[in-house]
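Just so it is clear, none of the values below were taken in a lab; they were calculated from the coordinates. Note that the structure is predicted; figures quoted are calculated from it, not measured. Cβ placement follows ideal geometry from the backbone for every residue including glycine, while neighbour counts extend to all protein chains displayed.
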Amino acid sequence: MVKLALQLYTIREELQKDFVKTLEEVANLGFEGVEFAGFYNIDAHVMKSNLDRLNLKAVASHTPYEHIVDKADEVINYNKIIGNKNIVCPYYDIKTKEDLDKIISGLKAIVDKYNQNGMELFYHNHDHEFIKFDNKYALDILLEKLDNKLKLELDTFWVYCANINVLEYMQNNKNMKLIHLKDGINRDTKALGEGNAPIKDIFEKAKQLGIEWAIVENDMPLPNGLEDVKRSVKYIKENLK
């Protein structure tokens, strides 16, 4: 059974206004977990208390590359307290082989520290990581060079945008442990069911592969984050359960 979480970046404007009230809305919508994109200056123990009260699991945390590498102790300590074991690098600008070599070197130097603290390090893709070097996708090279210690949070929409068969890519990627469930038209993200991405097939494939968490996200929600998420939840209830 694939469980559903919400990437909180989707509702960032609401969280800035009232974090706790917005987190309560997420729980009321039926999500079992959340993926963080920043902690809004909230103490880790206070965050943990709210997650426990609302029966929400800290599934993962998008953490800037620079923080993963340069502030590892701080990242590890906070996430240990809130019960999150999955630290996700959300973006790296890979345009050249030199760029790729830099992130490989940086993550390789720190990945063991996270593993030794009971955590796994992930990379979250967009579509630019499907540039090829030596006839291999940059994303695949990154995963290989980390000796399978780096896991993949596959953003299925961006794979689709890269004109790659997302179902085949899911099937063939053994490092994939989390997915982003996202829809859109061309490069414009939409609520689930309002775009062209093969959401139903992706969800079925995730079930077949034993993926534990599918994380709903919309980078540019309309008219606002919560209203957009409510439409995605309606689609999920009618089509994916």
Inset, instruction - For GLY30, indicate whether it is surrounded by fewer than 18 Cβ atoms within 10 Å (Cβ to Cβ), in contact (Cβ under 8 Å) with a residue 60 or more places away in the chain and not in a helix (DSSP H, G or I). - result: yes
Legend entry - Selection from region 1-27 of residues that are in a strand (DSSP E or B) and either surrounded by 18 or more Cβ atoms within 10 Å (Cβ to Cβ) or of a type in the set (S, T, N, Q) (or both): LEU4, ALA5, LEU6, GLN7
Inset, instruction - Using the structure shown, decide if LEU139 is surrounded by 18 or more Cβ atoms within 10 Å (Cβ to Cβ), without any contact (Cβ under 8 Å) to a residue 24 or more places away in the chain, within 29 Å of LYS113 (Cβ to Cβ) and not hydroxyl-bearing (Ser, Thr, Tyr). - result: yes
Inset, instruction - Would you be able to say whether some residue in region 164-178 is surrounded by fewer than 24 Cβ atoms within 10 Å (Cβ to Cβ), of a type outside the set (A, V, I, L, M, F, W, C) and within 12 Å of the chain's Cα centre (by Cα)? - result: yes
Legend entry - Failed condition for TYR78, given (1) surrounded by fewer than 18 Cβ atoms within 10 Å (Cβ to Cβ); (2) more than 21 Å from LEU143 (Cβ to Cβ); (3) aromatic (Phe, Trp, Tyr): (1)
Inset, instruction - Inspect all residues belonging to region 129-136 and state whether any of them is touching a strand residue (DSSP E or B) at 6+ places or on another chain (Cβ under 7 Å) and aliphatic (A, V, I, L, M). - result: no
